[in-house]
């Protein structure tokens, strides 16, 4: 029988109460946790919100989350054929599911310090 | 639905990779105020940050060189389809950009020199170049170093505002001019209009269209779709470059699939078939443990060897460094050897498997040497531009193109902005919104599109396969429709996928349509039913959009406008 990894994913939109969803993902040796999250979006639930850009190179540093209570990059964390707990970062504002506000504050659209005239219509 | 927020700027730059950031620096240097936006975080997405090693430029510190030699190699690789004026800009201005980056402390590798003096910039040999010409940053750190350096300069530049998590959905065209853009703010789900005197598309290429690709998530060809819908022309869309030795097996994490390229530059390595024999000589170029075979030929050789039943277990070729010592490997790649060990790989004991992987797009938005499109107010730059590399790009030209073209686009856009008395009003037409939920999984459809492109619009093409792909793409376009899913609020993954499908399907169709029309084999476009180059096809194909339909026309290849100095 093929092995599976069981992901318990904490989901919520910022401000709302969270729920934990469980997904059984086919396990192949060598996969990353990000591979499993992408699998869930394609095969089970496309509404799962995750943030990543470079996919596998650990170049973009966007896929940071809590995996079994530890802060890790999902692209570097190995998937394992057991129960795994996936949660958003605790110390950043929650946006949606596993997506948190990790942009530097002066690179956000609604950043403080940018309420200048340039933002207003002509 | 009405946009809830409006921004205004002189120069809007879409995409904060190497080209977009250099454009921002240059536009600011010319006194323009700049809004630099990216759908990802600033300086993190795109292709530049992923580059591992080589940047080609005739700096000539170790070996005498001149940009004219680099130009000759670039034109030769492009198989008679380059716009030589754009190629020249890449080769000539590239040298200045490399030196400027050096002054900004990027840290190009240098040869050691005694008495505390800096040695010359190291330059390695790459396939298709007549001499060692590629600068780099150790170890496998070129892209991150280039991104970080440009990001620091962007932050220092006066008048540049940076905004991430902003996905541009459409350009706004009024009275035949581009006057800004409509964007989805990902973290709130709100629509935003941006009024701009000049807009630069710096969104990179389209490699995300393919199942195996070497680029970031955001390389779905957004800029091509934006430009097409705004009335701009695309050129050479049939030419997608496959990198022959993308990592295939065993599964690695935390490593870019292009990582074996720098290994080959520094150490050679041996390319072997499933029976561990050298094989590229059967297809015209012997490998012999040196990195001389060009990308299109290597892609061909590996694919044909696999088809003949002589591939490696996962359907590629072996790349072996088993003849080298641990000391040689460590001297060349230091910490990377530890990262490989963590993945359970000891290169002195085992070969790895490699196979072609979508890597770069030669085609793109048609521009002149000022990076102007045919739509006033709209500029394009970097990989989003077509023409400089013709039918096949030379190794090392992509970052150089990003830097040189980025700088030129920033200059041109600033000039236009400063020549205007006021910023035009930008009232956007909103996309219609669905009342019912999507009846398909858009994340699954993206995977399906990648399979269609890989299977039938890959490096080797046939009429039947291309027709099959075109039919699939068109039926997906129909399913996707013109109405966006109803808003789901903050970071709405379904809406993002739908918007990506809207762009990617349009771009996929333009690649497939151009590939069907070109009944010959040239560079990265290989038609199995039309082998060999045909002089009749020494033309560029231009794609435009008329009433949502892709229209192809032929255009004479431009000639050099002024003689080289």
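The values are calculated or read from the model by the stated rules, or taken from the named source; none is laboratory data. Everything numeric in this text was worked out from a predicted model, so none of it was measured. All Cβ positions, glycine included, derive from the backbone under ideal geometry; neighbour counts span all protein chains shown.
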Worksheet item: residue B:445 passes all but one of (1) more than 14 Å from chain A (Cβ to nearest Cβ); (2) in contact (Cβ under 8 Å) with a residue 40 or more places away in the chain; which number fails?
Response: (1)
Item to complete: For the stretch B:60-74, enumerate the residues that are touching a strand residue (DSSP E or B) at 6+ places or on another chain (Cβ under 7 Å) and surrounded by 24 or more Cβ atoms within 10 Å (Cβ to Cβ).
Response: B:70
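Among strands (runs of 3 or more DSSP E) lying entirely in the stretch A:51-94, which contain 1 or more residues that are out of contact with any strand residue (DSSP E or B) (no Cβ under 8 Å at 6 or more places or on another chain)? So that I can check it myself, show each step before the final result.
Details: elements: A:64-67, A:70-73, A:83-87.
Qualifying strands (runs of 3 or more DSSP E): A:70-73.
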Worksheet item: Is it fair to say residue B:46 is farther than 14 Å from residue B:198 by Cβ, buried (at least 24 other Cβ atoms within 10 Å of the Cβ) and at the interface with chain A (Cβ under 9 Å from one of its Cβ atoms)?
Response: yes
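For the structure I just gave you, tell me whether residue B:107 is surrounded by fewer than 24 Cβ atoms within 10 Å (Cβ to Cβ), away from every other protein chain (no Cβ under 14 Å) and without any contact (Cβ under 8 Å) to a residue 12 or more places away in the chain.
Working: surrounded by fewer than 24 Cβ atoms within 10 Å (Cβ to Cβ): yes; away from every other protein chain (no Cβ under 14 Å): yes; without any contact (Cβ under 8 Å) to a residue 12 or more places away in the chain: no.
Answer is no for this residue.
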Worksheet item: What are the residues in the stretch B:416-453 that are in contact with a strand residue (DSSP E or B) (Cβ under 6 Å, 6 or more places away or on another chain), exposed (fewer than 14 other Cβ atoms within 10 Å of the Cβ) and under 26 Å from residue B:377 (Cα atoms), if any?
Response: B:420
Worksheet item: residue A:48 versus (1) more than 17 Å from residue B:186 (Cβ to Cβ); (2) touching a helix residue (DSSP H, G or I) at 6+ places or on another chain (Cβ under 6 Å): which is the lone unmet condition?
Response: (1)
Worksheet entry | Top-ranked residue in the stretch A:1-17 [being surrounded by 14 or more Cβ atoms within 10 Å (Cβ to Cβ) and within 14 Å of chain B (Cβ to nearest Cβ); ranked as farthest from residue A:43 (Cα to Cα)] | A:14
Discussion item. Looking at B:471, B:451, can you tell me which residue is in contact (Cβ under 8 Å) with a residue 24 or more places away in the chain and not in a loop (DSSP other than H, G, I, E, B)?
Written reply: B:451
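Report yes if residue A:102 is outside any strand (DSSP E or B) and either within 12 Å of chain B (Cβ to nearest Cβ) or modelled with pLDDT of 95 or more (or both), otherwise no. Talk me through it step by step, then tell me what you get.
On the way: outside any strand (DSSP E or B): yes; either within 12 Å of chain B (Cβ to nearest Cβ) or modelled with pLDDT of 95 or more (or both): yes.
Answer is yes for this residue.
Can you confirm whether residue B:56 is within 15 Å of residue B:98 (Cβ to Cβ) and within 12 Å of another protein chain (Cβ to nearest Cβ)? Break it down stepwise before answering.
On the way: within 15 Å of residue B:98 (Cβ to Cβ): yes; within 12 Å of another protein chain (Cβ to nearest Cβ): no.
Against the criterion (within 15 Å of residue B:98 (Cβ to Cβ) and within 12 Å of another protein chain (Cβ to nearest Cβ)), residue B:56 does not qualify.
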Practice prompt. Could you tell me which of the residues B:543, B:539, B:511 is touching a residue at least 12 places away in the same chain (Cβ under 8 Å) and surrounded by fewer than 22 Cβ atoms within 10 Å (Cβ to Cβ)?
Written response: B:539
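Evaluate the stretch A:25-34: report whether one residue or more is assigned to a helix (DSSP H, G or I) and buried (at least 20 other Cβ atoms within 10 Å of the Cβ). Spell out the reasoning first.
Pass one, the stretch A:25-34, residues assigned to a helix (DSSP H, G or I): A:33-34.
If we keep only those that are buried (at least 20 other Cβ atoms within 10 Å of the Cβ) as well, we get A:33-34.
Among the residues of the stretch A:25-34, at least one is assigned to a helix (DSSP H, G or I) and buried (at least 20 other Cβ atoms within 10 Å of the Cβ), which makes the answer yes.
Yes or no, residue by residue, for (1) surrounded by fewer than 20 Cβ atoms within 10 Å (Cβ to Cβ); (2) part of a loop (DSSP other than H, G, I, E, B):
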position: B:131; (1), (2): yes, yes
position: B:137; (1), (2): no, yes
position: B:173; (1), (2): no, no
position: B:182; (1), (2): no, no
Fill in: Filter result (more than 13 Å from chain A (Cβ to nearest Cβ) and either in contact with a strand residue (DSSP E or B) (Cβ under 8 Å, 6 or more places away or on another chain) or within 23 Å of residue B:190 (Cβ to Cβ) (or both)) within the stretch B:26-43
B:27, B:28
Discussion item. Just to be sure I understand the filter: pairs with C-beta atoms under 6 Å, separated by 6 or more residues or on different chains, first member in the stretch B:1-12 and within 10 Å of chain A (Cβ to nearest Cβ) and modelled with pLDDT of 95 or more, second member part of a loop (DSSP other than H, G, I, E, B) and buried (at least 24 other Cβ atoms within 10 Å of the Cβ). Which pairs pass?
Written reply: B:10/B:32
Discussion item. Need the failing condition index for residue A:41 against (1) facing another protein chain (nearest Cβ under 7 Å); (2) closer than 21 Å to residue B:501 by Cβ; (3) assigned to a loop (DSSP other than H, G, I, E, B), just the number.
Written reply: (3)
Discussion item. Checking the conditions here, which among B:253, B:302 is under 25 Å from the mean Cα position of the chain (by Cα), crowded, with 22+ Cβ neighbours inside 10 Å and more than 14 Å from chain A (Cβ to nearest Cβ)?
Written reply: B:302
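Just name the residue that is surrounded by the most Cβ atoms within 10 Å (Cβ to Cβ) out of those in the stretch B:519-536 that are part of a loop (DSSP other than H, G, I, E, B) and in contact with a strand residue (DSSP E or B) (Cβ under 6 Å, 6 or more places away or on another chain). Talk me through it step by step, then tell me what you get.
Initially, the stretch B:519-536 is screened for residues part of a loop (DSSP other than H, G, I, E, B), giving B:519-521, B:523-524, B:528-534.
Next cut, in contact with a strand residue (DSSP E or B) (Cβ under 6 Å, 6 or more places away or on another chain) only: B:521, B:524, B:528, B:533.
Values: B:521: 23, B:524: 26, B:528: 11, B:533: 15.
The selected residue is B:524.
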Discussion item. Looking for something part of a loop (DSSP other than H, G, I, E, B) and under 13 Å from residue B:543 (Cβ atoms) - is there at least one such residue anywhere in the stretch B:209-229?
Written reply: yes
Fill in: Given (1) within 14 Å of the chain's Cα centre (by Cα); (2) modelled with pLDDT of 95 or more; (3) at the interface with chain B (Cβ under 9 Å from one of its Cβ atoms), number of the condition residue A:66 does not satisfy
(3)
Worksheet entry | Members of the stretch B:382-394 that are more than 13 Å from residue B:237 (Cα to Cα) and touching a strand residue (DSSP E or B) at 6+ places or on another chain (Cβ under 6 Å) | B:393
Item to complete: Quick one: count up the residues across the stretch B:149-169 that are within 11 Å of another protein chain (Cβ to nearest Cβ) and either in a helix (DSSP H, G or I) or surrounded by fewer than 18 Cβ atoms within 10 Å (Cβ to Cβ) (or both).
Response: 4
Worksheet item: Can you pull out the strands (runs of 3 or more DSSP E) entirely within the stretch B:298-395 that have at least 1 residues that are farther than 26 Å from residue A:58 by Cα?
Response: B:378-380
Discussion item. Take residue B:204 and tell me if it is within 14 Å of chain A (Cβ to nearest Cβ) and either in contact (Cβ under 8 Å) with a residue 24 or more places away in the chain or in a helix (DSSP H, G or I) (or both).
Written reply: yes
Fill in: Criterion violated by residue B:21 - all others in (1) within 14 Å of chain A (Cβ to nearest Cβ); (2) surrounded by fewer than 24 Cβ atoms within 10 Å (Cβ to Cβ); (3) not in a loop (DSSP other than H, G, I, E, B) satisfied
(2)
